[in-house]
1. Keeping every protein chain present and rolling a 1.4 Å probe, give me the accessible area per residue for the range 99-158 in Å².
2. Taking only C-alpha pairs under 8 Å that are 6+ residues apart, what is the relative contact order of the range 116-204 in percent?
3. Tell me the accessible surface of residue 158 in square angstrom (1.4 angstrom probe, heavy atoms of protein chains only), to the nearest ten.
4. What nm value, rounded to one decimal, do you get for the distance between residue 179 and residue 199 when each label is placed 7 Å out toward the C-beta?
5. With every protein chain in place, what's the accessible area of residue 226 (1.4 Å probe, Å², nearest 10)?
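The values are calculated or read from the model by the stated rules, or taken from the named source; none is laboratory data. Here the structure is a predicted model, which means the values were calculated and not measured. Cβ placement follows ideal geometry from the backbone for every residue including glycine, while neighbour counts extend to all protein chains displayed. Accessible surface areas use protein heavy atoms only, side chains included; no ligands, DNA or RNA. Shrake-Rupley method; radii C 1.70, N 1.55, O 1.52, S 1.80 Å.
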Amino acid sequence: MKIKYYLLALALSLSFYSCKIMSPKAYKALVAERDSLSTRTETLEAQVFQLQADTMRLHRELANLKDKMADLRNNNSKLNSNLDASSSKLTRLAADLEKREARLKEVEDILHKRDEAANALKNKLQQALLGFQQSGLTVDIRNGKVYVSLADKLLFPSGSIIIDEKGKAALQQLAAVLNKEPDINMAIEGHTDDKKVINLGQIKDNWDLSVLRATSVTRYLTETEKVDPHRLTATGKSEFQPIDPAPTNEARAKNRRIEIVLTPKLDELYNLITK
């Protein structure tokens with residue numbers, strides 16, 4: 001059975017917190033919950049790999065036992081006791097194998113639902129945002145999540161954190177889709193290039209710039225387009241997650257972006273993790 005394993009990336013991106021500025025205590029609680037979910041997800045991922053290995057092993061043992069029982073039958077009555085023992089072990093192995101295959105099927109079905117939801121969302125967004133794709137907007141799926149990437153030139157004037165009219169138009173189209181999809185969580189990520197910030201007033205460095213741009217997008221979506229703030233998280237990545245690490249102007253232009261990471265909610269997946 002082939003199963004895609006995207007669980008860790010999925011679990012790490014989910015959040016049910018408001019995009020409002022958090023106190024240190026609230027931030028620590030958020031980090032603790034994220035780490036706890038990450039641990040549970042890693043446990044499930046390891047369990048899936050183990051189930052696959054066990055299933056293959058049990059199939060081999062069952063085949064060997066069947067061969068052995070055939071040999072024992074050929075040797076007739078003097079080996080009846082060995083035959084009975086092998087038959088009992090065969091029954092236990094068959095029952096164990098059935099349970100493990102049922103568990104694998106359960107995981108496979110839920111992952112398939114996750115992939116279907118992500119693909120459906122991607123198609124809706126591509127249709128809604130078609131007019132902006134020549135201006136630095138892309139929609140794709142990575143690690144089971146839908147990424148809407150908007151170049152900084154589509155949203156902001158150079159060095160600014162104020163969204164311009166073209167950026168507002170793109171976000172308006174995005175919000176129109178998201179407001180019809182209540183079971184989608186969003187992480188708004190700000191990214192910069194590696195050039196140091198110079199003379200931008202209170203913006204001290206690329207950390208400030210990436211966070212404030214993410215916050216500007218989050219505020220516009222929640223305050224103007226009325227996206228539920230409980231579905232959003234705003235974060236700044238500074239220069240440290242580039243698309244292209246090359247020291248060229250073209251690479252830097254790719255790296256200056258806002259990424260809106262969309263993850264369908266799957267309660268079944270959480271229930272499976274906690275089993």
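1. Here the per-residue accessible area is 50 Å².
2. About 21 percent, as a whole number.
3. So the heavy atoms of residue 158 present about 120 Å² to solvent.
4. For the pair residue 179/residue 199, the computed spacing is 4.1 nm.
5. Its heavy atoms expose roughly 140 Å² to the probe.
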